[in-house]
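Shown next, in structure tokens, is the structure this report addresses.
The values are calculated or read from the model by the stated rules, or taken from the named source; none is laboratory data. Only a predicted model underlies this, so the values are computations on that prediction, with no experimental measurement involved. Heads up, the Cβs are rebuilt from the backbone with ideal geometry, glycines too, and the neighbour counts pull from every protein chain shown. Just so you know, the surface numbers come from the protein's heavy atoms only, side chains and all, with ligands and any DNA or RNA stripped out. Shrake-Rupley method; radii C 1.70, N 1.55, O 1.52, S 1.80 Å.
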Amino acid sequence: GFRLGRKMAGHLLADDDGDLDVEVPREFRCPLTLDVMLSPVRLRTSCRAVYEREALEYFLQLHPRRDPLTNADFDEDLEFEAVDELRDAIVTWREDQGLPPAKRSSWRTEQTQELRRWVVAVGSRDLDAVEEAASKLAEACEAKDADRVTVRKLGGIDGLLDRLRDLDLRQSTRIVCARAIAQLARNGDNRYAIARAGGVVPLVRMVKSTSVECQETGAHALWRMARTYKAWIGVAVGPLVALVDPDAHPPATDFACKALWRLSVTDEHRVAIVRAGGLHRLAKLLDAMHLSRDTRQVAAWTLFNMACSHDRPIRARVCRALGLPFVVIPPCLAHIRRHLDKRAAASRRARDVARSLSPSTSRSRHGHRPTASLR
């Protein structure tokens with residue numbers, strides 16, 4: 001659905017117009033923008049939900065017969081009505097809280113209008129225009145978090161995910177749309193919106209693709225998603241483990257390792273990684289000299305996270321994958337850490353020898369400057 005949720009009623013949030021932290025009643029927030037409403041209107045559907053006028057008007061321009069809260073489609077264009085009682089209640093509440101009068105939203109600024117044009121263009125039938133718009137959105141969202149929030153409020157996440165769900169979409173368009181999703185996922189509320197809208201499934205489909213570009217872009221987006229809401233992307237563990245291979249595309253392997261590293265902090269995902277054969281794959285990366293130092297470091301710390309499990313069989317499997325005798329926690333963690341540090345030191349010595357034989361090589365093969373220690 002189009003509905004976006006985050007910290008709602010009962011949480012202290014900074015007000016947009018002042019420096020005070022205020023507890024905002026849930027009914028005062030628009031479910032689309034998550035902001036306190038200025039001009040609340042009620043949609044004439046069975047759910048009778050209330051929205052900010054400008055946000056609802058924009059949504060109905062894109063989907064005139066769809067309920068933004070339930071995603072249900074109707075036979076006729078939807079209409080809405082003003083809710084003057086709620087508007088007066090919000091004004092009174094602001095006065096009681098000592099907040100200044102509400103300002104008009106930034107929906108009509110020049111930057112917002114440009115982002116809106118790009119969001120609308122994502123739904124175009126011209127795939128070249130779609131690629132250009134998605135590329136512009138990715139560029140804007142990479143630079144500013146405020147633009148990530150604005151694109152979400154404009155419905156850009158739904159538009160991009162609709163494109164990714166199209167199985168007949170050409171590959172280049174799919175990759176650009178996924179890059180935009182990856183940049184949008186740098187914002188916590190956007191990650192929630194992407195997960196709630198079912199965005200994990202098309203990203204997993206990209207990871208399973210035979211195209212290395214699709215694999216890299218999909219793994220990048222899932223890495224961003226794995227920062228929070230880990231339960232939503234549990235289905236991605238198996239495909240991500242499949243990319244953890246010394247012979248796979250190195251950037252895709254790097255993003256897959258980073259995603260698994262973030263997922264390996266919960267026992268549920270540790271079990272999934274073990275069942276997918278991830279331990280031996282991660283152990284193989286430690287000696288893959290052609291990979292970047294960063295990739296091998298992330299693989300090492302993923303194994304360390306796995307060894308922190310309260311599940312004794314998982315700890316034993318980690319030790320077997322590394323060729324170590326099993327000892328109980330906490331000695332097991334110290335033992336594994338010393339082993340990983342020794343592997344890292346050996347890798348550094350081998351790389352120093354290779355560089356001494358090729359003085360012209362100043363960086364690792366894939367452009368990552370090696371870091372000092374696994375710590």
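Going by what's in this entry, would ASP158 be described as in contact (Cβ under 8 Å) with a residue 40 or more places away in the chain and within 17 Å of ARG179 (Cα to Cα)?
In short, yes.
In the stretch 133-167, what residues are of a type in the set (S, T, N, Q) and under 20 Å from GLU57 (Cα atoms)?
Once the filter is applied, which keeps residues that are of a type in the set (S, T, N, Q) and under 20 Å from GLU57 (Cα atoms), the stretch 133-167 yields only THR150.
May I ask you to list the residues in the stretch 169-185 that are within 28 Å of LEU69 (Cβ to Cβ) and part of a helix (DSSP H, G or I)?
CYS177, ALA178, ALA180, ILE181, ALA182, GLN183, LEU184, listed by residue number.
I want to confirm something. Restricting to the stretch 225-235 and keeping residues that are open to solvent by less than 50 Å² (accessible area, probe 1.4 Å) and either among the small types (Gly, Ala, Ser) or at pLDDT 90 or above (or both), which single residue is nearest to SER135 (Cα to Cα)?
Top of the filtered list is MET225.
So the check is Cβ under 8 Å with 6+ separation or different chains; which pairs have a first residue in the stretch 259-282 that's within 17 Å of LEU322 (Cα to Cα) and a second one that's of a type in the set (Asp, Glu)?
From the stretch 259-282, the pairs are ARG270/ASP311; ARG281/ASP245.
Tell me which residues, restricted to the stretch 294-316, are assigned to a helix (DSSP H, G or I) and not aliphatic (A, V, I, L, M).
ASP294, THR295, ARG296, GLN297, TRP301, THR302, PHE304, ASN305, ARG312, PRO313, ARG315 - these are the residues of the stretch 294-316 that are assigned to a helix (DSSP H, G or I) and not aliphatic (A, V, I, L, M).
Spot the failing condition for CYS319; the list is (1) over 27 Å from the mean Cα position of the chain (by Cα); (2) at pLDDT 85 or above; (3) open to solvent by less than 10 Å² (accessible area, probe 1.4 Å), and only one is missed.
All conditions pass for CYS319, except number (2).
Could you pull out the residue among VAL274, VAL265 that is within 23 Å of ARG315 (Cβ to Cβ), open to solvent by 20 Å² or more (accessible area, probe 1.4 Å) and within 22 Å of the chain's Cα centre (by Cα)?
Step by step, each of VAL274, VAL265 is checked, and only VAL265 is within 23 Å of ARG315 (Cβ to Cβ), open to solvent by 20 Å² or more (accessible area, probe 1.4 Å) and within 22 Å of the chain's Cα centre (by Cα).
Does the stretch 145-168 include one or more residues that are of a type outside the set (D, E, K, R), in a loop (DSSP other than H, G, I, E, B), open to solvent by less than 60 Å² (accessible area, probe 1.4 Å) and within 25 Å of PRO40 (Cα to Cα)?
Checking the stretch 145-168: at least one residue is of a type outside the set (D, E, K, R), in a loop (DSSP other than H, G, I, E, B), open to solvent by less than 60 Å² (accessible area, probe 1.4 Å) and within 25 Å of PRO40 (Cα to Cα).
The conditions are (1) at pLDDT 85 or above; (2) exposed (fewer than 14 other Cβ atoms within 10 Å of the Cβ), and ARG375 fails exactly one of them. Which is it?
So the condition that ARG375 fails would be (1).
Do you know which of the residues in the stretch 258-269 that are out of contact with any Lys or Arg (no Cβ under 9 Å at 6 or more places or on another chain) and either at pLDDT 90 or above or among the β-branched types (Val, Ile, Thr) (or both) is nearest to PHE304 (Cα to Cα)?
TRP261
Select from the stretch 253-308 the residues that are aromatic (Phe, Trp, Tyr) and under 18 Å from GLY218 (Cα atoms) and list them in ascending order.
PHE255, TRP261
Keeping to the stretch 175-220, report how many residues are open to solvent by 10 Å² or more (accessible area, probe 1.4 Å), within 11 Å of the chain's Cα centre (by Cα) and small (Gly, Ala, Ser).
1
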